[in-house]
Amino acid sequence: MLHELLSSAWEERVRSSGRDITFAYPVRTAAVSLTGRECSLGCAHCGGHYLDDMLSLEEAFRRAEDGRARSFLISGGCSPSGVVPFTAHREELERLSRTSTLNLHVGLVNEEEAAYAGKIAGAVSFDFVGDDETIREVYGLDRTVGDYIRSYELLRKHTRVIPHICIGLRGGRISGERRALDILRRLGAQAIVFLVLIPTPGTRFAQVAPPEPAEVARILAEARLAFPGTPVQLGCMRPGGRYRRAVDLLAVRAGVNTIVNPAPPARKLARYLGLTAHRGEECCVL
C-alpha cells in the first residue's frame with residue numbers, strides 16, 4: 001500500500017536526513033546549448049523542443065560578466081552516437097569555467113571526454129537509463145544499459161556525477177526505473193535527481209499520459225529507502241498544473257531532500273510536517 005510505503009520513507013528521511021528540505025529556484029543558473037537548435041537524435045520526448053530557449057555560449061559570457069548567472073548548465077543536441085559535442089568548445093568552456101560553475105550534460109562519453117569533463121565541470125548531470133528497449137524507443141540509439149554504465153563509471157573517475165532518472169520516460173510507462181536504482185545501488189551515487197516525463201507538443205510523445213502521481217511517489221519512496229544517506233531530489237522537468245501539485249505533495253511525504261520550483265501546497269505541507277526549508281537559486285545538483 002502506498003500509505004505504508006510513504007510512512008516508511010518518511011521515517012527513513014527523518015532518521016538519515018533530519019528535517020531540512022531545499023526548495024530550489026534556479027534563477028542564477030542559465031542553460032546553454034552548444035548546438036543551437038540542432039540535434040541528430042530527435043528523441044521521442046524532446047524532439048529538440050527544449051533547445052529553443054537555451055542560450056548560446058556568447059550569451060552565456062554576457063550573463064556571466066554582468067552577474068545575472070553564477071552557473072551554467074552546458075547541454076545541447078546530441079550526435080548520432082548520443083554525445084553532446086562539448087570537447088569541440090574547449091577554449092570557450094575553459095574560459096567560462098574560470099568565472100562560473102559548469103554543470104555538464106554530456107551524454108555518453110569515452111575516456112578522453114570523461115577526463116576533459118573532469119577538468120572543467122563542477123558537476124555532470126548524467127541521464128541514467130535502466131532498460132535497453134527504452135534507449136532504442138526514446139533515443140533511437142543502438143546502445144544498451146551497459147553503455148550507460150560504462151559512461152557513468154568513466155565520468156565518476158574524474159568528477160562529481162549526479163545520475164538523473166526520468167520516471168515514465170518510455171511514453172509514460174514505467175520501464176527500467178527500478179533497474180536503474182538497483183544498478184546505482186551497486187555502483188554508488190552521490191545524489192539522485194528524478195524527473196518526470198512531460199508530454200510535449202510537437203514530439204512523438206505529445207499525446208501520451210505521464211505516469212500516475214502515485215506511481216511517481218512509489219519510486220521516490222523506494223529510492224529514499226534504498227539510498228538512506230543519499231540526497232534524493234525532484235528536478236525541474238516534470239508536468240505542471242494539478243499534476244505537479246499532486247506529485248510535489250507526495251514527494252514531500254516520500255522524503256525527498258530537494259524539490260525544484262515546488263508547488264505552493266508542497267511548501268505548506270513541508271511546514272506542517274515540521275521541515276525547515278532552505279532556498280536555493282542554482283541548479284539543484286550544484
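The values are calculated or read from the model by the stated rules, or taken from the named source; none is laboratory data. Bear in mind that the values here come from a model prediction, so they are computed numbers and not experimental data. Here the Cβ is made from the backbone with ideal geometry for all residues, glycine too, and neighbour counts use every protein chain on show.
General observations
- Selected residue (only one of G188, G229 is at pLDDT below 95 and under 30 Å from G146 (Cβ atoms)): G229
- Leading residue by the ranking (surrounded by the fewest Cβ atoms within 10 Å (Cβ to Cβ)) among those in the stretch 1-26 that are outside any helix (DSSP H, G or I) and of a type in the set (G, A, S): G18
Conditions (1) outside any loop (DSSP other than H, G, I, E, B); (2) among the aliphatic types (A, V, I, L, M); (3) modelled with pLDDT of 95 or more, marked per residue:
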position	(1), (2), (3)
G36	no, no, yes
E58	yes, no, yes
R63	yes, no, yes
A69	no, yes, yes
S79	no, no, no
R95	yes, no, yes
E112	yes, no, yes
Y116	yes, no, yes
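- Qualifying residue in the stretch 244-265 (condition: polar (S, T, N, Q) and on the phi > 0 side of the Ramachandran plot): yes
- Long-range neighbours under 9 Å by Cβ, at least six apart or interchain, first residue free of Cβ contacts under 8 Å to residues at least 60 places away in the same chain within the stretch 3-26, second in a helix (DSSP H, G or I) and among the basic types (K, R): S7/R253
- Filter result (surrounded by 14 or more Cβ atoms within 10 Å (Cβ to Cβ) and outside any loop (DSSP other than H, G, I, E, B)) within the stretch 81-93: V83, F86, T87, H89, E92, L93
- Candidate set from the stretch 227-254 (those that are closer than 20 Å to C166 by Cβ and small (G, A, S)); member that is nearest to the chain's Cα centre (by Cα): G235
- Condition broken by E91, with the remaining ones in (1) farther than 22 Å from R160 by Cβ; (2) of a type outside the set (F, W, Y); (3) in contact (Cβ under 8 Å) with a residue 12 or more places away in the chain satisfied: (3)
- Count of the stretch 128-153 residues, restricted to those that are free of Cβ contacts under 8 Å to residues at least 40 places away in the same chain and buried (at least 21 other Cβ atoms within 10 Å of the Cβ), is 2.
- Residues satisfying the stated conditions in the stretch 127-163, i.e. aliphatic (A, V, I, L, M), outside any loop (DSSP other than H, G, I, E, B) and either touching a helix residue (DSSP H, G or I) at 6+ places or on another chain (Cβ under 7 Å) or closer than 15 Å to C78 by Cα (or both): I135, V138, V145, I149, L154, L155, V161
- Any hit, the stretch 210-223, residues being among the aliphatic types (A, V, I, L, M), in a loop (DSSP other than H, G, I, E, B) and farther than 15 Å from P163 by Cβ: no
- Looking at G42, G122, just one residue is surrounded by fewer than 19 Cβ atoms within 10 Å (Cβ to Cβ) and modelled with pLDDT under 95, and that residue is G42.
- Breaking point among (1) touching a residue at least 24 places away in the same chain (Cβ under 8 Å); (2) over 27 Å from A206 (Cβ atoms); (3) of a type in the set (G, A, S), for S79: (2)
- Of the residues making up the stretch 190-209, those that are in contact (Cβ under 8 Å) with a residue 40 or more places away in the chain, in a loop (DSSP other than H, G, I, E, B) and either surrounded by 20 or more Cβ atoms within 10 Å (Cβ to Cβ) or in contact with a Pro (Cβ under 7 Å, 6 or more places away or on another chain) (or both) are A191, L197, I198, P199, F205.
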